[in-house]
Amino acid sequence: MKTLSVIAAVPLLAAVGVCSAQSGSLVGPEPELPKPQQGLLPDMVIAEPAPWGDKVPTVPEGYTIAAIATDLKIPRQTLVLPNGDILVAEGRGGNAAKLKPKDVIAGIIKARGTSPVKGGNRLTLLRDPEGDGTYEASTFAENLNAPYGLALVDNNLYVANQDALVRFDYQPGQMKASGPPETVTLLPSEINHHWTKALTASADGQYLYVGIGSNSNITERGMTAEADRARVWRVNARTGEYKTYATGLRNPTALTIQPDTGQLWAVVNERDELGSDLVPDYLTAVQENAFYGWPYSYWGQHVDERVRPQDPEKVKAAIKPDYSLGAHVAALGVDFSTAAMGDRFAEGVFVGEHGSWNRSEPSGYKVVFVPFSAGRPSGPPVDFVAGFRDSDGTTRGRPVGVTVDPRGALIVADDLSNTIWRITPTQPAGPRTQTDGPASVQTPTSPPTPTQTPTQTPTSTPPT
């Protein structure tokens, strides 16, 4: 393994605060939303980067965590292939100009809490040749354009660059792309305020769903700049033809398909500058032809008075999301669990929370598990991977994509320390199996058991 790059701590332009859990009233299916609060600048409490050293994230008792790849170039999302190999999309995109002086100030401050490494614009393949948890890294494809979302359908590997959905031929066990990718369809890329393009495949592999974020916080560039933005596309995997599947989703950063039902789910980052406790980022089933509020309203019919002109008819049609994750947690990853992850975490979703930059008490900076029952969220989120940020603001990692390996592991991309973490039960829950069909669809889960906040332990292997 390579030695983990040291990320030096830097002086901040804002005070460092404690990363704390949000009030229970702000999470779940019925959050209690406070009144909006506006000011010249939002509260800005930024990560203070530091190397992991001999420290590692904490995981529940009965689980271990290990760094299986280090020294990457901004790892965002991962994909577990049928033979157990792991693909990592690495890159950093976006080219939006700053609109106001406050945007310049916020941009400088936010950059202090990110990795200085240049994005790799590549796919890295991780392989465990001996099956002992020691992975070797090699470059699968390069010269991409800020790749983010990944999906495998049969022998077709799809990659969502910031400007196009592309396809590689893939054969089981292949370690390097056989040639450059072909374009399936171009994606909206002008301005690219929110550049990430989330991706998953339908259960039958016929369609690809692409999440496309807005070009502003709240239409500051005008509605013309928001054409084909803040929505999910459904793309015909064979022809590249697409249609708008759902709208009003400000920034759908990760998509996944629910086992058994085939239902599309998303995590969405909501708008800023309405206070530390507004607006909650959320997890939701994405209904076809539904409108989720942005920019006119949030969490159903809560009108955003900053938007002009108003549209009462659109507000009336807005769908309330399924589950609040809390304000400004910056959810960037989601995947359904399997029985192989153990009874406590067998039914539900894992969510990667990158962490806030505009909250007086920082939120996120962890991976949580949202338990499900009868196909719906059924309880408060449980910390599954934590310890990325200390109480003094020292921050060693920021989770992004989360991917469940049906053999019994959770893969977490960390784009601050440029590490891939692998979390496994200490007692395997079942036999190792191969996956069939789209790699984005997981095997069925077992019935849930009562879930409580587990004891976090540092049973793990640090980066080397």
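Of the strands (runs of 3 or more DSSP E) that lie entirely inside segment 111-189, those containing 2 or more residues that are buried (at least 19 other Cβ atoms within 10 Å of the Cβ) and touching a Phe, Trp or Tyr at 6+ places or on another chain (Cβ under 9 Å) span 122-127, 136-141, 149-153, 156-160, 164-169.
This table checks each residue for (1) over 30 Å from ALA346 (Cβ atoms); (2) open to solvent by 10 Å² or more (accessible area, probe 1.4 Å); (3) without any contact (Cβ under 8 Å) to a residue 40 or more places away in the chain; (4) among the polar types (S, T, N, Q).
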| site | (1), (2), (3), (4) |
| --- | --- |
| GLY211 | no, no, no, no |
| SER214 | yes, no, no, yes |
| ARG221 | yes, yes, no, no |
| ALA227 | yes, yes, yes, no |
| ALA230 | yes, no, no, no |
| ILE257 | no, no, no, no |
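When segment 44-82 is filtered for residues that are open to solvent by 30 Å² or more (accessible area, probe 1.4 Å) and of a type in the set (Lys, Arg), the ones remaining, listed by number, are LYS55, LYS73. In this structure, is GLY53 closer than 20 Å to GLY333 by Cα, among the small types (Gly, Ala, Ser) and touching a residue at least 40 places away in the same chain (Cβ under 8 Å)? So GLY53 fails the test.
Looking at PRO312, is it open to solvent by 10 Å² or more (accessible area, probe 1.4 Å), under 30 Å from GLN427 (Cα atoms) and in contact with a strand residue (DSSP E or B) (Cβ under 9 Å, 6 or more places away or on another chain)?
no
The condition of being more than 21 Å from the chain's Cα centre (by Cα), closer than 21 Å to VAL267 by Cα and outside any strand (DSSP E or B) holds for only one of THR224, THR239, THR244, THR219, that being THR219.
What do you reckon, is SER391 of a type outside the set (Asp, Glu), out of contact with any Gly (no Cβ under 7 Å at 6 or more places or on another chain), outside any strand (DSSP E or B) and open to solvent by 10 Å² or more (accessible area, probe 1.4 Å)?
Details: of a type outside the set (Asp, Glu): yes; out of contact with any Gly (no Cβ under 7 Å at 6 or more places or on another chain): yes; outside any strand (DSSP E or B): yes; open to solvent by 10 Å² or more (accessible area, probe 1.4 Å): yes.
Considered against the rule, which asks whether it is of a type outside the set (Asp, Glu), out of contact with any Gly (no Cβ under 7 Å at 6 or more places or on another chain), outside any strand (DSSP E or B) and open to solvent by 10 Å² or more (accessible area, probe 1.4 Å), SER391 comes out as yes.
Of all the numbered requirements in (1) at pLDDT 95 or above; (2) within 20 Å of VAL385 (Cβ to Cβ); (3) surrounded by fewer than 20 Cβ atoms within 10 Å (Cβ to Cβ); (4) under 22 Å from the mean Cα position of the chain (by Cα), PRO29 misses one, and that requirement is (2). Kindly establish whether ALA317 is hydrophobic (A, V, I, L, M, F, W, C), under 30 Å from VAL59 (Cα atoms) and out of contact with any helix residue (DSSP H, G or I) (no Cβ under 6 Å at 6 or more places or on another chain). For ALA317, the condition - hydrophobic (A, V, I, L, M, F, W, C), under 30 Å from VAL59 (Cα atoms) and out of contact with any helix residue (DSSP H, G or I) (no Cβ under 6 Å at 6 or more places or on another chain) - is not met.
When the residues of segment 361-378 are narrowed to those that are assigned to a loop (DSSP other than H, G, I, E, B) and either closer than 26 Å to THR78 by Cβ or open to solvent by less than 20 Å² (accessible area, probe 1.4 Å) (or both), which ends up modelled with the lowest pLDDT? Step through it out loud before you land on a result.
Going residue by residue through segment 361-378, those that are assigned to a loop (DSSP other than H, G, I, E, B) are 361-365, 374-375, 378.
From what is left, the residues that are either closer than 26 Å to THR78 by Cβ or open to solvent by less than 20 Å² (accessible area, probe 1.4 Å) (or both) are 362-365, 375.
On the way: PRO362: 90, SER363: 93, GLY364: 97, TYR365: 97, GLY375: 97.
Looking at residues that are assigned to a loop (DSSP other than H, G, I, E, B) and either closer than 26 Å to THR78 by Cβ or open to solvent by less than 20 Å² (accessible area, probe 1.4 Å) (or both), I get PRO362.
The listed residues are ILE46, ILE74, ILE68, and the only one of them that is within 17 Å of THR134 (Cβ to Cβ), in contact (Cβ under 8 Å) with a residue 12 or more places away in the chain and not aromatic (Phe, Trp, Tyr) turns out to be ILE68.
Of all the listed residues (ASP272, ASP281), the sole one being of a type in the set (Asp, Glu) and open to solvent by 10 Å² or more (accessible area, probe 1.4 Å) is ASP272. What do you reckon, is ALA330 touching a Pro at 6+ places or on another chain (Cβ under 9 Å) and among the hydrophobic types (A, V, I, L, M, F, W, C)? Against the criterion (touching a Pro at 6+ places or on another chain (Cβ under 9 Å) and among the hydrophobic types (A, V, I, L, M, F, W, C)), ALA330 does not qualify. Pairing residues of segment 187-203 that are touching a residue at least 12 places away in the same chain (Cβ under 8 Å) and farther than 19 Å from GLU241 by Cβ with residues that are assigned to a strand (DSSP E or B) and polar (S, T, N, Q), at Cβ distances under 7 Å and at least 6 apart in sequence or on separate chains, gives THR196/THR253; ALA198/THR253.
The values are calculated or read from the model by the stated rules, or taken from the named source; none is laboratory data. Since the model is a prediction, treat every value here as computed from it, not as a measurement. FYI the Cβ positions are ideal-geometry reconstructions off the backbone, even for glycines, and counts take in every protein chain you see. Just so you know, the surface numbers come from the protein's heavy atoms only, side chains and all, with ligands and any DNA or RNA stripped out. Shrake-Rupley method; radii C 1.70, N 1.55, O 1.52, S 1.80 Å.
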